[in-house]
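Okay, structure first, notes after.
Please treat every number below as a calculation from the coordinates, not as lab data. Because the structure is a prediction, the values reported are computed rather than measured. Positions of Cβ are backbone-derived with ideal geometry, glycine not excepted, and every protein chain shown enters the neighbour counts.
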Amino acid sequence: MNEYGFQTQPKEKHNVFVSFHNKDQYYRDQFDTLFGHLFNSRSVDVGDIDPENEDEYIKKLIQEKHIEPSSVVFALYGKETHQRKHVDWEVSAALNKKVGGHKGLVIMLIPGFPIAPYNAFNQYDESVIFPYLHPRTAANLKSGYADLYYWPGLFTNFPGVQTFPMEDIIKKAFLKRDSHEHLIDNGDIQYKRNLSWN
């Protein structure tokens, strides 16, 4: 109840799926600890899926039980995330209208990401990080469908890096599903295997 005795409406909580490399489990857990009160988690938890299952079965299970009921997908990118096939599959599903409709897409760099978003002239430049993302992810940052953010405290000593309340980040991504649908770029072929360092 508010001060006038009326029942106040709770803020709408969106269903959020978090995609990540299993080596970054700590940051996936911290994401829920820091922000979990702001959304309904649809993410895969440890033990939810048997990694011994066939790839196609795992992909189908994640799409149907986790991504399809979500409205916003976060992709956490650390040092090796861009090499992982599962993250590419999950981003692809998020952008596929047939998987429960398009999802808002948020890219978040986490500690360990190998490069800061600055060019040789020390100017803020998102394109510098594109080689460390999946091509599909980079394409949707280029087009303007996806938005790029940084783990709390990461790169804040660099000019041009802004922080936003997580609630606003989720809401913006949710609204862009309709307002920016025409910018979705899901044309890249899905990864068939994990990549390795050269």
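Just tell me the longest site-free run in the chain, where the sites are chymotrypsin sites (Phe, Trp or Tyr not before Pro) in a DSSP loop having at most 10 other beta-carbon atoms within 10 Å. Intermediate results must be reported in sequence, preceding the final value.
Values: sites that count: Tyr4, Phe6, Phe121, Trp197.
Result, exposed sites excluded: 7-120.
What nm value, rounded to one decimal, do you get for the distance between Lys172 and Asn119 when each label is placed 7 Å out toward the C-beta?
For the pair Lys172/Asn119, the computed spacing is 2.2 nm.
Give me Rg over Rh for the chain, both radii from the alpha carbons and Rh done the Kirkwood way, two decimal places. Mind showing how you got there, number by number?
On the way: Rg = 17.2 Å, Rh = 17.6 Å.
Computed over Cα atoms, the ratio is 0.98.
Once label points are set 7 Å from the Cα along Cα→Cβ at both Lys79 and Asp188, what is their separation, rounded to one decimal in nm?
2.2 nm
Mind listing the phi-derived Karplus ³J(HN,Hα) values for the range 28-33, rounded to whole Hz, using 6.51, -1.76 and 1.60 with θ = phi - 60°, and x for any glycine or proline?
Each residue of the range 28-33 in turn: 4, 5, 5, 4, 5, 4 Hz.
Considering only DSSP states other than H, G, I, E and B, which trypsin sites (Lys or Arg not before Pro) in the range 144-193 qualify as loop sites with at most 15 other Cβ atoms within 10 Å?
Working: sites: Lys171, Lys172, Lys176, Arg177, Lys192, Arg193; in loops: Lys192, Arg193.
Sparse-neighbourhood loop trypsin sites (Lys or Arg not before Pro): Lys192, Arg193.
Here are some pairs, Lys65/Lys98; Lys98/Lys172; Lys98/Lys171; which of them have Cα atoms lying more than 20 Å apart in this structure?
Over 20 Å apart, Cα to Cα: Lys98/Lys172; Lys98/Lys171.
Can you list the lysines whose alpha carbon sits under 21 Å from that of Lys79, skipping same-chain ones fewer than 8 residues off?
Straight-distance partners of Lys79: Lys23, Lys142, Lys192.
Provide Ile184, Ile115 in ascending order of the number of other Cβ atoms located within 10 Å of each residue's Cβ, fewest first. Let's see the in-between values first.
Working: Ile184 20, Ile115 10.
Ascending Cβ contact count within 10 Å gives the list Ile115, Ile184.
I need the phi-derived Karplus couplings for the range 182-189: 6.51 cos²θ - 1.76 cosθ + 1.60, θ = phi - 60°, integer Hz, Gly and Pro marked x.
Ordered by residue, 3J(HN,Hα) equals 5, 9, 5, 10, 10, x, 5, 5 Hz.
How large is the dipole of the chain about the Cα centre if only Lys and Arg carry +1 and Asp and Glu carry -1, each at its Cβ, rounded to the nearest 20 debye? Spell out each step's value before the answer.
Values: 22 positive and 26 negative charges, 63 e Å.
With only Lys, Arg, Asp and Glu charged at Cβ, the dipole is about 300 debye.
Averaging over all projection directions, find the projected area of the Cα convex hull of the range 96-198 and quote it in nm² with one decimal place. Intermediate values should be presented prior to the final figure.
Numbers: hull surface 32.4 nm².
Directional mean of the projected Cα hull area for the range 96-198 stands at 8.1 nm².
Among His182, His102, His134, what is the fewest-to-most ranking by other Cβ atoms within 10 Å? Could you put the intermediate results ahead of the total?
On the way: His182 8, His102 21, His134 27.
Fewest to most other Cβ atoms nearby, the residues stand as His182, His102, His134.
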